[in-house]
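Participant: Okay, here's the structure, questions in a sec.
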Amino acid sequence: MKKIAPTSMLAPAVVGVFWVALCEILLVAAAPAQTSQTQTYKVLHAFTGGADGASPGWVLLVRDSAGNLYGTAGSGGAFGYGNVFKLDKSGKETVLHSFTGVNDGRAPDSGVLRDRAGNLYGTTNVGGNPKCKLYQSYQTHGCGVIYKVTPAGKLTVLHTFMGPDGGYPEASSLQNVNGTFYATTGGGGVNSNCQDLFNGCGTVVQLTEKSSGWTERVLYSFGWNKGWQPFSGVIADSAGNLYGTTEGCNNGTQNPCGAVFRLAPSAGGWRYSVLHGFTGGINGGSDGAYPWAGLVRDSAGNLYGATQYGGADNYGTIYQLTPGGKKTELYSFTGSDGAYPLSTLTLDASGNLYGTTSGGGSSGSGCGGLGCGTIFKLDTAHNLTVLHNFTGGDDGSVPLGTLLLDGGKLYGTANGGGAYNNGTVFEMTP
């Protein structure tokens, strides 16, 4: 199985957990979930690992009115550090920008956002200013950037992370709310009780365009007693509150387990609160653990997310959190229906949830006997249907990105597999 594009910036404990999850052999009984090995699954592009890119990470694809898809590859490209690409309806790829690995960043794992003018915005996990040295093993690579790419392919760095304001933005870390961008970082910050452990537990930052240029403001620096390392981005409600997840606990320990948090604007600054602290761990727990995935919100204000671990069989869960903070487990993965969900869920107008699991499903030869991941649908009655089992062959393996639902079809990426074993972009009809 092909390695996932850079996860090296995670705290050592989290790295170990992550790779244990993806390398564990799934010897499980048949799941009660329905299976629908759809014939509408189609690979739109197989990355070669060359100039076209390789190993798309936690990518959220975007689509324009002409049907073109836009995304990022975490590695490959002209310099080997990833690229921003455009894919037309026929599957023809155009590389809009190849990262050089220095000032413009490297490892653009989180995909892009698109504005009405066609400009694309995203983050890189590392690169930027090499003077940012949060982690010893990456001390020459920089701590990441926020960038903009025009339709013509011109890249502008809007912000370079330097440590106190955060570093190493990860999965789907950038959100656009009426022209104001919010980003999360997995490291950095100024909370003193994190400095010796992780050189910062992460931040939430705001990026605003003014006449003088783009201005960044740190809204919150995480500490390990109230949740730490927010690897997914935040979402906003109509009142301007921000919601997100952390990998680290809220119980004053260094053991990852995770939390759902809210940041509320107030006259004295942003007010942070934990809506739910997960009690599970790497060895399981019915409450769930490690909510790497971000959140999605319905019209009633309920939040939905997934945990990498926990549940009845310790293969992860899907949960709901009401506006009042009541948490309900909607589904517990068993392995053959998928395992270790890492991507943010996608919600349709009827209340159905769609997502991917990074492991589990039918074992494929391309995964060395491991489950290669699944695409699933969870309906409003909490019945799960497996829409596709990845084989590790031409269809891909280890899907990590958030699914895009557009025109009745799902679009996404697989980190590995494909014709060249460098990942794929796919389309399917649920």
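Participant: Equivalent ellipsoid semi-axes for the stretch 104-171, as square roots of 5 times the alpha carbon gyration tensor eigenvalues: give them largest first, rounded to whole Å.
Facilitator: After diagonalising the Cα gyration tensor, the semi-axes are 23, 10, 9 Å.
Participant: Given +1 on the Cβ of Lys and Arg, -1 on the Cβ of Asp and Glu, and no further charges, what dipole in debye does the stretch 312-411 carry about its Cα centre, rounded to the nearest 20?
Facilitator: Here the size comes out at about 240 debye.
Participant: Turning to a different aspect of this structure: Counting only C-alpha contacts under 8 Å and six or more residues apart, can you give the relative contact order of the stretch 268-392 as a whole percent? Walk me through the numbers on the way to the answer.
Facilitator: Numbers: 341 pairs, mean separation 20.5, N = 125.
Relative contact order here is 16 percent.
Participant: So, one more: List the trypsin sites (Lys or Arg not before Pro) in the stretch 294-398 that DSSP assigns to loop (not H, G, I, E or B) and whose Cβ has at most 16 other Cβ atoms within 10 Å. Which are they?
Facilitator: Working: sites: R297, K326, K327, K377; in loops: K326.
Passing both the DSSP loop test and the Cβ count: K326.
Participant: Once you keep just the Cα pairs under 8 angstrom separated by 6 or more residues, what percentage relative contact order results for the stretch 31-190?
Facilitator: Reported relative contact order: 16 percent.
Participant: On to the next question. Provide, in order from the shortest bin, the percent of all Cα-Cα pairs of the stretch 276-430 in each 10 Å bin, continuing until the bin that contains the maximum pair distance.
Facilitator: 13, 43, 34, 10, 1
Participant: Using only the alpha carbons of the stretch 83-238, what is the convex hull's orientation-averaged projected area in square nanometres?
Facilitator: The number I arrive at for the stretch 83-238 is 10.2 nm².
Participant: Can you sort Y272, Y340 from fewest to most other Cβ atoms within 10 Å of each residue's own Cβ?
Facilitator: Values: Y272 18, Y340 29.
Ordered by Cβ neighbours within 10 Å, fewest first: Y272, Y340.
Participant: Kirkwood Rh over alpha-carbon pairs of the stretch 257-334, then Stokes-Einstein at 37 °C and 0.692 mPa s: what D in µm² s⁻¹, rounded to an integer?
Facilitator: On the way: Rh = 12.8 Å.
The Stokes-Einstein estimate is 257 µm²/s.
Participant: Please report the base-10 log of the normalised intensity I(q)/I(0) for the stretch 196-242, using a Debye sum with one equal scatterer per alpha carbon and no solvent, at each q in 0.25, 0.26, 0.33 (1/Å).
Facilitator: Taking Cα atoms of the stretch 196-242 as identical point scatterers yields -1.01, -1.04, -1.20.
Participant: Can you run phi through the Karplus equation (6.51, -1.76, 1.60; θ = phi - 60°) for the stretch 402-407 and list ³J(HN,Hα) in whole Hz, with x for Gly and Pro?
Facilitator: Using θ = phi - 60°, the values come out as 6, 6, 9, 9, 8, x Hz.
Participant: From the backbone phi of the stretch 114-126, what are the Karplus-calculated ³J(HN,Hα) couplings (6.51 cos²θ - 1.76 cosθ + 1.60, θ = phi - 60°) in whole Hz, Gly and Pro given as x?
Facilitator: Each residue's phi maps through the Karplus curve to give 10, 9, 5, 7, x, 6, 10, 10, x, 10, 10, 6, 9 Hz.
Participant: Once the piece of chain linking T156 and Q320 is laid out straight, how much longer is it, given 0.36 nm per residue of separation minus the C-alpha distance between them?
Facilitator: Working: separation 164, 0.36 × 164 = 59.04 nm, distance 3.84 nm.
My answer for the length gained is 55.2 nm.
Participant: I've got another one for you. Got a sec? How would T402, T150 order by Cβ neighbour count within 10 Å, fewest to most?
Facilitator: With the fewest neighbours first, T402, T150 line up as T150, T402.
Each reported figure results from applying straightforward, stated rules to the coordinates on display, with no laboratory input. Predicted model only: the values in this text are computed from it and were never measured. Note: ideal-geometry Cβ built from the backbone for every residue, glycine included; neighbour counts use all protein chains shown.
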